[in-house]
Amino acid sequence: MRSTSTQVIPQKAPMKHANSEVSTVSVETDTDDDHQLFFVTSYSDFDKLAHGPRGTEAKKSLYVYRFHPSDGSLCLLNVQGDAETVVNPAFSRYHPRLNVVYTCTEDCFENGKIIAYKIGPDGSLEQFGDAVDAGGTSTCYLTIDKAQKNLLAVNYWDSTLAVFQIDFE
């Protein structure tokens, strides 16, 4: 069993199972079926975490699935995120107006990173700009303010918050 963590998009209440939360976002499709994308982020280096997850470390840290609500099936669309480059992605947040998902990395020894990805209709993820320093260690949660202009990051190990203005270009 791989240790994973993800988040529900748009968020109402995270659904947790083992070391994971489920992330979804509705996307336009050619069919009448309401398809959603699920983002699953997986821990890749347990030694850098503040907690001790069970399971095995992931070789790839980002997975995108298409969910078909009509029959409850999931179809794996994309696997990426080299475990040494995207280390311990802990949480993802979809921007409600942009076609972007933000992911933060969790590490007790070095500042976390926030990585933005453009989402393709086929579930592909294209990194959007450079990763940004999260301003603290063990970054574990992201949210977007009500005006949808700022991304807020929670850094667990330092007990700090960081605010980043969202670039709309």
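In this structure, G120 does not satisfy being modelled with pLDDT under 95 and on the phi > 0 side of the Ramachandran plot.
Residue count for the stretch 9-62, restricted to those that are out of contact with any Leu (no Cβ under 9 Å at 6 or more places or on another chain), part of a strand (DSSP E or B), at pLDDT 90 or above and open to solvent by 30 Å² or more (accessible area, probe 1.4 Å): 2.
To keep it simple, each residue is scored yes or no on (1) touching a Lys or Arg at 6+ places or on another chain (Cβ under 8 Å); (2) under 19 Å from T41 (Cα atoms).
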residue	(1), (2)
E126	yes, yes
G136	no, no
C140	no, yes
A147	no, no
A162	no, no
D167	no, no
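Pairing each residue of the stretch 35-62 that is without any contact (Cβ under 8 Å) to a residue 24 or more places away in the chain with any residue that is assigned to a loop (DSSP other than H, G, I, E, B) and surrounded by fewer than 21 Cβ atoms within 10 Å (Cβ to Cβ), provided the two are 6+ apart or on different chains, yields C-beta distances under 8 Å for K60/A83. Looking across the stretch 91-110, the residues that are touching a Ser or Thr at 6+ places or on another chain (Cβ under 9 Å) and open to solvent by 60 Å² or more (accessible area, probe 1.4 Å) come down to F109, E110.
Okay, residues lined up against (1) free of Cβ contacts under 8 Å to residues at least 60 places away in the same chain; (2) hydroxyl-bearing (S, T, Y); (3) touching a Ser or Thr at 6+ places or on another chain (Cβ under 8 Å); (4) surrounded by 13 or more Cβ atoms within 10 Å (Cβ to Cβ):
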residue: I119; (1), (2), (3), (4): no, no, no, yes
residue: D130; (1), (2), (3), (4): yes, no, no, no
residue: I144; (1), (2), (3), (4): yes, no, no, yes
residue: N150; (1), (2), (3), (4): yes, no, no, yes
residue: A153; (1), (2), (3), (4): yes, no, yes, yes
residue: V163; (1), (2), (3), (4): yes, no, no, no
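Can you tell me which residue is least open to solvent (accessible area, probe 1.4 Å) among those in the stretch 63-90 that are closer than 26 Å to Y156 by Cα and hydroxyl-bearing (S, T, Y)? Ranking the candidates gives Y63 first.
The values are calculated or read from the model by the stated rules, or taken from the named source; none is laboratory data. Treat the numbers as computed from the prediction; the structure is a model and nothing was measured. In this analysis, Cβ positions are derived from the backbone assuming ideal geometry, glycine residues included, and neighbour counts consider all displayed protein chains. Side chains are part of the model used for accessible areas, which takes the heavy atoms of the whole protein and leaves out ligands, DNA and RNA. Shrake-Rupley method; radii C 1.70, N 1.55, O 1.52, S 1.80 Å.
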